[in-house]
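K.L.:
Structure below; questions to follow.
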Amino acid sequence: MAKIVDILARGPSSSFEFFPPKTPAAEEQLEQALRELEPLHPSFVSVTYGAGGSTREKTIAIVKRIREQHGLEAMAHFTCVGATVPELRATLDEMREAGIDNVLALRGDPPAGHEEWVRTEGGLEYSRELVELISDSYGFAIGAACFPETHIHADSPEADLRHLAEKVDAGVDFLITQLFFDNARYFDFITRARAAGIEVPIIPGIMPITRVGQIERMAQMCGATIPEGLRRELHERGGDGEAVLDFGVAYATLQCAELLAAGAPGIHFYTLNRSPATRAILSALKLTRPWERDAHPGSISSASATRGEPSAAS
């Protein structure tokens, strides 16, 4: 297996995010998605924590199973919600003993029943502190989240970038963005991040649209903007689930192709534990290889080449 920072150095990556299932039917759905996506040879996959860190043990078990049974590099999400520092260290020790090489360090959302973040007594307050804990004592490659449209709890875009730069300085090796539907948001974020001194690879996170109501709820929860033209097209198809799925796959494929042609270091797909949409998109991308085309006018590839990131031609 390998550290994700080394995987990214080989060229444009593809990766999938999964979440721990709660029922036997959901377990089978996850296994089916893994079976169907495995032949596409993703660069890595990631597995989330439940709300409030409620699936800590299950996350580690799933990551271990994906590595052993499917032969895929798997990254564990890791938050400081509901845990003291000794408990965090014990979980990190368990991850290390399980052979895990990569961790996505997140502060995490408030536990169920809480609207605002409250530090656990004896725990950590910020994701930067979690990154420091991991970086100082463990050999994991460390990823972190970033927000092209600014974190919903940030005081300002500038403050959000300052906090992100602090996390990177504390030991983050790569970043994965929150979902977005307008590539201009990503390109603008890259420009602002580089100006703020953030030089690590920034992987765009893409969620294929399969249902209108679902994507609108998720966009609202995380503060992502759905462009008016996209929203209009979705609602014109709102009563036809198959038409929404077809359009969503087409839109995400074009979105990913433009990002890769412009030099993005890869695509991270938010799969919701389902494979058809992601499989169709990634299959088309692997066939057409947009990273080998002439770069988009807003290309980030020339700048990324000077930073050691994979360019569109890698």
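K.L.:
Failed condition for VAL45, given (1) open to solvent by 10 Å² or more (accessible area, probe 1.4 Å); (2) modelled with pLDDT of 95 or more, with all others met?
P.N.:
The one condition VAL45 does not meet is (1).
K.L.:
Here is a further query. Do any residues in segment 21-34 that are assigned to a helix (DSSP H, G or I) have Cβ atoms under 8 Å from those of residues that are among the charged types (D, E, K, R), where the two are at least six apart or on different chains, and which pairs are they?
P.N.:
Sorted first by the residue in segment 21-34, then by its partner, the pairs are GLN29/ARG274; ALA33/ARG274.
K.L.:
What residue, of THR225, THR210, is assigned to a loop (DSSP other than H, G, I, E, B), under 21 Å from VAL45 (Cα atoms) and open to solvent by 30 Å² or more (accessible area, probe 1.4 Å)?
P.N.:
Only one candidate passes the filter, namely THR210.
K.L.:
OK, next. Within segment 239-272, restricting attention to residues that are in contact with a strand residue (DSSP E or B) (Cβ under 6 Å, 6 or more places away or on another chain) and of a type in the set (Phe, Trp, Tyr), which residue is surrounded by the most Cβ atoms within 10 Å (Cβ to Cβ)?
P.N.:
PHE269
K.L.:
For the subset of segment 125-142 comprising residues that are under 11 Å from ASN102 (Cβ atoms) and of a type in the set (Gly, Ala, Ser), which member is nearest to the chain's Cα centre (by Cα)?
P.N.:
Result: ALA141.
K.L.:
Determine which single condition ILE7 fails, assuming it passes every other condition in (1) modelled with pLDDT of 95 or more; (2) in a strand (DSSP E or B).
P.N.:
Result: ILE7 passes all but (2).
K.L.:
What single numbered condition from (1) under 30 Å from LYS3 (Cβ atoms); (2) at pLDDT 95 or above fails to hold for HIS296?
P.N.:
Result: HIS296 fails condition (2) only.
K.L.:
Considering only segment 191-203, I want to know if a residue exists there that is farther than 24 Å from VAL5 by Cβ and open to solvent by less than 40 Å² (accessible area, probe 1.4 Å). Spell out the reasoning first.
P.N.:
Here is the first cut: in segment 191-203, the residues farther than 24 Å from VAL5 by Cβ are none.
The answer is no; no qualifying residue exists.
K.L.:
Also, I was wondering about something else. Looking only at segment 53-76, decide whether some residue is assigned to a loop (DSSP other than H, G, I, E, B), at pLDDT 90 or above and under 23 Å from GLU132 (Cα atoms).
P.N.:
no
K.L.:
Could you go through segment 89-98 and let me know if any residue there is basic (Lys, Arg), within 23 Å of ALA145 (Cβ to Cβ) and within 19 Å of the chain's Cα centre (by Cα).
P.N.:
No, that holds for no residue.
K.L.:
Here is a list: LEU104, LEU88, LEU164, LEU133. Which entry is assigned to a helix (DSSP H, G or I) and either in contact with a Phe, Trp or Tyr (Cβ under 7 Å, 6 or more places away or on another chain) or under 19 Å from THR48 (Cα atoms) (or both)?
P.N.:
LEU88
The values are calculated or read from the model by the stated rules, or taken from the named source; none is laboratory data. The structure presented is a predicted model; accordingly, all values stated were derived computationally and were not measured. Don't worry about glycine lacking a Cβ; one is built from the backbone with ideal geometry, like all the others, and counts go over all protein chains shown. Note: areas computed on protein heavy atoms with side chains; ligands, DNA, RNA excluded. Shrake-Rupley method; radii C 1.70, N 1.55, O 1.52, S 1.80 Å.
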